[in-house]
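Below is one structure, written out as structure tokens; comments come after it.
The values are calculated or read from the model by the stated rules, or taken from the named source; none is laboratory data. Note that the structure is a prediction, hence the values are computed from the model and not measured. A quick note on method: Cβ atoms are made from the backbone with ideal geometry, for glycine too, and the neighbour counts reach across all protein chains shown.
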Amino acid sequence: MASVELVGVEKRFGSFSALQHLDLSVADGEFLVLLGPSGCGKTTTMRMVAGLEEATAGEILIGGRRVNDALPKDRDVAMVFQNYGLYPHMSVAQNIGYPLKVRGIGGPDREGRVKRAAEKVELGPLLHRKPRELSGGQRQRVALARAIVRTPQVFLMDEPLSNLDAKLRVTMRAEIKHLQHELGVTTIYVTHDQIEAMTLAHRVAVMNGGVIQQLDTPEAIYDRPANLFVAGFIGSPPMNLVPGRIAGGTFQAPGITIAGAFPAAGGDVILGIRSEDVTIAAPGEGSIEGQVYASELTGEAVLVTVSAGGARLIARAPRSFRGGFGSPIALNVDAGKIHLFDEATGRRIAFADRSDGG
Amino acid sequence: MTEGSSLPGAIAAAPRPTRAEPVRLSSRSRRRIAGAARTLTILLVILVFFGPVVWIMLTALKQPRDVYSLSVIFTPTLDNLRTAFASPYFLGSRTLNSIIVTTGTIVLSLPIATAAAYAFSRFRFPGGNAWSLGVLATQFIPPVIIIIPLFVAFRSAGLLDTRLALIIANMSFVVPYSIWMIKGFIDAIPADMEEAAQIDGASRLRAIWDVVVPMAIPGIATAAIFAFVVSWNEFFYALVLSRQDAVTLQVGLMGARTERGDAWEIMAAMGLVIILPMLVLSRYVQRYFVAGLVSGSVR
Amino acid sequence: MPGILPARRFEGWGRMHDRVLKYWLIAPALLVIAGTLLYPLVSGLWYSLHEWKLSDSPALGPFVGLGNYVVAVSDDPDLLNSGRVTLIFTVLSVVCTLSVAMGLAVLLSGNGRLEVNARTLLVIPFAMSPALVGVSWRFLLNPEFGGFSALIGALVPGLKGASFLADPTLAMAALILCDVWHSAPYFMLMFIGALASLPQETVEAAQVDGASRIRLFFEIVLPQLKPVLAIAVLLKIIFSLKVLDQVITLTNGGPGTSTETLAHFIYQTAFRWYDVGYAAATAYLLAACMAVFAAIYFQLITERRPA
């Protein structure tokens, strides 16, 4: 087990710059998730840790050792691929045992370790099957078993759940979390699914355009998004974002006025508020007046889209809410849960009322 | 109808149905006639394209006196083969030469081609696509241009009339085309598996051997069939480069042209030995042609 | 190749880095190609600039510059004859082979048992060596006991008992016949592949619109086969230009020089008259012709590939 550090790492493919000066440090035993839309550089980052891509500049350290020039086989990492990367001509047992075989571990020792790894992921009775005779979930388990059969310094997982159906994904997610906790191996996990990131990670690195936008605990990323990209990317439905202006301690946008402890220094800002921090009120009794644009029952709540002035906001209402299309409605926002972003830079603006310490 | 008019009546009756029923035949009988015509055409095509092959093979088994007749019914004999194996035709040593040259070409070419195909499939080279296209382009150099310097070089190296010279000459077309063919197969194999092997602790070479080669076996086998067909059938290089010791089956055919005229029964016997492996492998040979079509060229 | 190689490469194959390994992987193949193709190409060009009778001396003869080429293009009726023979052979064999192949493809593209078996049997002619094909047809066209000449004699009474290989025109016809028989099955497989990948809706739409079978083929199917047809034409031109094995075993250029193709002319010049310098020069002229068609061929397959 070991820490992983990336110092000033850059990656260019020809003239295309995939990563710009990335600094990232993963503590020993930590579960770090790289989260972002496709093409954001998360997979490239992980492949550089694995040694499948070379860094154009910067240093990569595993357990304090510089590994830039080490071949993948010498980095002592294990990886689970999006398409599993199982060897189709080998049985399940041979697949799991391959990392031991190439290290010259044979005989009963290998057999025992393969068996233990297979049992850990509940593959015991399938050891003689070929990968093509397995279901998607079983293939995923074989890939996991192959990763845990030796105790590597680092686990790398590249969207391991994206080829599974929704139900199985939830089950496997919990299994991965449990396994990582049990083994305590430093893990880097790549995904574009924010739920996976939030549920699995000790810390999440949100990436976009080859740059880490925010690196923090899931709670902090949800509660205090560092910029507009993170605010819009994390959360479902996405955070309500309303462009407006602060003057005299009041936020104003067309048709919307919110009073609160806003910073004195005004200017053009974007106000963000999550749907669960918006409450519904009778017309005339809220700080925002509007009409119901649509309402959608999700099961545990009703998402109400309200058009107010030039903007549309989504509020999470109790499941008993009923409001016809176009009926008048008012909204109140929890002033303590408001986020402000600089209109020009997109960066979060800290202000007095909020405990923006961390 | 009277008895006397029965004959003309029968004749007159014949066209009547076409007049009484609608002018067109029913669609079912039309389809049946078209189907029969089609079957006949296909049988004729088979006769034209496969008949000659059968004819050669039958001739090989005819008594010499039957060879010079068109009869299809005869008492089969192995006399011609027996004669062909004796002096001056030496079918045995010719066959052995063909087997050694063909096997040698395959055994030397495929590992070389597989390694290069993998490299061209997975790595970028300065100059990009030009390399692998250049490899294919070599297929369009006419053999007559290659053979003159090869002949001169083999002569000064003392390699004329050796099987090694024929193997080297065959590799000039087997290696480039096999590279192209195997590369097509490796291109279709995702890189996941070999990456997994490398992370599992295998070197790149070991990953190629343990993971890529087993998965590319169908492609390598197809290339092997190709190498077999073209090496077995190679005539021109062998004609120029061999005199006596290294003469192959194909060149041996020329030996049956004696001053007293062509010894057809001997040629047919040699032809039989040449065709037999193709017949045995015909299913696989067809598969290789179809695979070759993908890359758009066959020698 | 990168200028600085890591010192690690001396520690063994397993430790070799990809940027080095990739060159080792292609090295043997490049060695084969360089030795058996590039070296002959370059030295052949060098020979072509010399007068060199191999029968007189094993050493390269006097340098004559472009002399061989000048003679070839301006003052060699035999070469001119070979050029004419090659042109006639190429045009006729391309047209006949591809028409027959297309006919066969339409006839045998189905998946019935007869069609599938017929396709397998038809592969045999192409899998036969060109040399044996030539010998076989020499036998089959024998006026006295050849099976095929008897068949032709029965169909075309004027050709009964004709001595195919003794008459200049008939010998050329025999050479083309033998080539069509040998190569049509290959192009048939190519066309069957193309027919199978045609979008079925276009054919069905035309059927619904009421097109006859013949219109369907010429107006709907054939236009869509154009890209494949273009590639087939070029490939067949290239194959025909370098035809040699069958010529040697079927007619050996005769009677006289009536079937002496360019490749056969070069072969005779080099290995019968041992006039190596001149043979090399004429070989380069042939290669230049083929290069034109090969270039168009590459243009076609490279622009087709990404699509």
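Give me a count of the residues in region C:143-168 that are within 13 Å of B:Pro52 (Cα to Cα) and not in a helix (DSSP H, G or I). Residues that pass the stated criteria total 1.
Those strands (runs of 3 or more DSSP E) of region A:228-340 in which at least 1 residues are among the small types (Gly, Ala, Ser) and within 26 Å of the chain's Cα centre (by Cα), considering only elements entirely within it, cover A:267-273, A:311-317. Scanning region C:134-150 for residues that are at the interface with another protein chain (Cβ under 9 Å from one of its Cβ atoms) and among the aliphatic types (A, V, I, L, M) yields C:Val135, C:Leu140, C:Ala150. Taking the conditions exactly as written (within 30 Å of A:Gln20 (Cα to Cα) and out of contact with any Lys or Arg (no Cβ under 7 Å at 6 or more places or on another chain)), does A:Pro283 satisfy them or not? Taking the combined requirement at face value, the residue does not satisfy it.
All conditions in (1) modelled with pLDDT of 90 or more; (2) in contact with a helix residue (DSSP H, G or I) (Cβ under 6 Å, 6 or more places away or on another chain) hold for B:Leu164, with the sole exception of (2).
In region A:16-30, is there at least one residue being at pLDDT 90 or above and aromatic (Phe, Trp, Tyr)? Looking for residues that are at pLDDT 90 or above and aromatic (Phe, Trp, Tyr), one finds none in region A:16-30, hence no. Within the option set B:Ser93, B:Ser121, B:Ser98, B:Ser87, being surrounded by 22 or more Cβ atoms within 10 Å (Cβ to Cβ) and small (Gly, Ala, Ser) holds for one residue only, B:Ser98. Here the condition is being out of contact with any Cys (no Cβ under 9 Å at 6 or more places or on another chain) and more than 14 Å from every other protein chain (Cβ to nearest Cβ); of C:Ile176, C:Ile231, C:Ile220, it holds for C:Ile220 alone.
Quick check on my filter: what residues within region C:134-166 are at pLDDT 90 or above and either more than 19 Å from B:Trp264 (Cα to Cα) or aromatic (Phe, Trp, Tyr) (or both)? The answer is C:Trp137, and nothing else.
Region A:1-45 holds strands (runs of 3 or more DSSP E) entirely within its bounds, and those carrying 1 or more residues that are over 25 Å from A:Ala174 (Cα atoms) and in contact with a helix residue (DSSP H, G or I) (Cβ under 6 Å, 6 or more places away or on another chain) map to A:4-13, A:16-26.
When residues in region A:53-72 are screened for being closer than 15 Å to A:Val154 by Cα, touching a strand residue (DSSP E or B) at 6+ places or on another chain (Cβ under 7 Å) and either part of a loop (DSSP other than H, G, I, E, B) or not assigned by TED's automatic domain parsing to the domain that holds A:Asp158 (or both), 1 of them pass.
Going residue by residue through region B:143-163, is there one that turns out to be more than 9 Å from chain C (Cβ to nearest Cβ) and among the small types (Gly, Ala, Ser)? Checked region B:143-163: at least one residue is more than 9 Å from chain C (Cβ to nearest Cβ) and among the small types (Gly, Ala, Ser). Annotation note: of B:Arg243, B:Arg287, B:Arg283, the sole residue that is surrounded by fewer than 18 Cβ atoms within 10 Å (Cβ to Cβ) and not in a helix (DSSP H, G or I) is B:Arg243.
In the set B:Phe185, B:Phe173, B:Phe228, only one residue is assigned to a helix (DSSP H, G or I) and crowded, with 24+ Cβ neighbours inside 10 Å; that residue is B:Phe173. Is it true that B:Ile199 is among the β-branched types (Val, Ile, Thr), free of Cβ contacts under 8 Å to residues at least 60 places away in the same chain and within 11 Å of chain C (Cβ to nearest Cβ)? So B:Ile199 does not fit the description; no.
Within region A:73-92, the set of residues being touching a Pro at 6+ places or on another chain (Cβ under 7 Å), outside any loop (DSSP other than H, G, I, E, B) and at the interface with chain B (Cβ under 8 Å from one of its Cβ atoms) comprises A:Val77, A:Ala78. When the helices (runs of 4 or more DSSP H) confined to region B:1-101 are screened for residues that are within 11 Å of chain C (Cβ to nearest Cβ) and either closer than 26 Å to C:Val100 by Cβ or at pLDDT 85 or above (or both), those reaching at least 2 such residues are found at B:27-60. Evaluating A:Phe16 against the criteria (1) more than 24 Å from A:Ile176 (Cβ to Cβ); (2) out of contact with any strand residue (DSSP E or B) (no Cβ under 8 Å at 6 or more places or on another chain); (3) surrounded by 17 or more Cβ atoms within 10 Å (Cβ to Cβ) leaves one unmet condition, (3). The selection criterion, being farther than 22 Å from A:Ala344 by Cα and out of contact with any Ser or Thr (no Cβ under 7 Å at 6 or more places or on another chain), does not hold for A:Ala247. Whether any residue in region C:114-123 is part of a helix (DSSP H, G or I), under 21 Å from C:His264 (Cβ atoms) and within 7 Å of another protein chain (Cβ to nearest Cβ) is what I want to check. There is no residue in region C:114-123 that is part of a helix (DSSP H, G or I), under 21 Å from C:His264 (Cβ atoms) and within 7 Å of another protein chain (Cβ to nearest Cβ). The residues in region B:102-118 that are buried (at least 19 other Cβ atoms within 10 Å of the Cβ), within 13 Å of chain C (Cβ to nearest Cβ) and not aromatic (Phe, Trp, Tyr) can be counted, and the count is 11.
Only one of the listed residues (C:Leu104, C:Leu92, C:Leu37) is under 30 Å from C:Ser197 (Cα atoms), buried (at least 22 other Cβ atoms within 10 Å of the Cβ) and either hydrophobic (A, V, I, L, M, F, W, C) or without any contact (Cβ under 8 Å) to a residue 12 or more places away in the chain (or both). That residue is C:Leu104.
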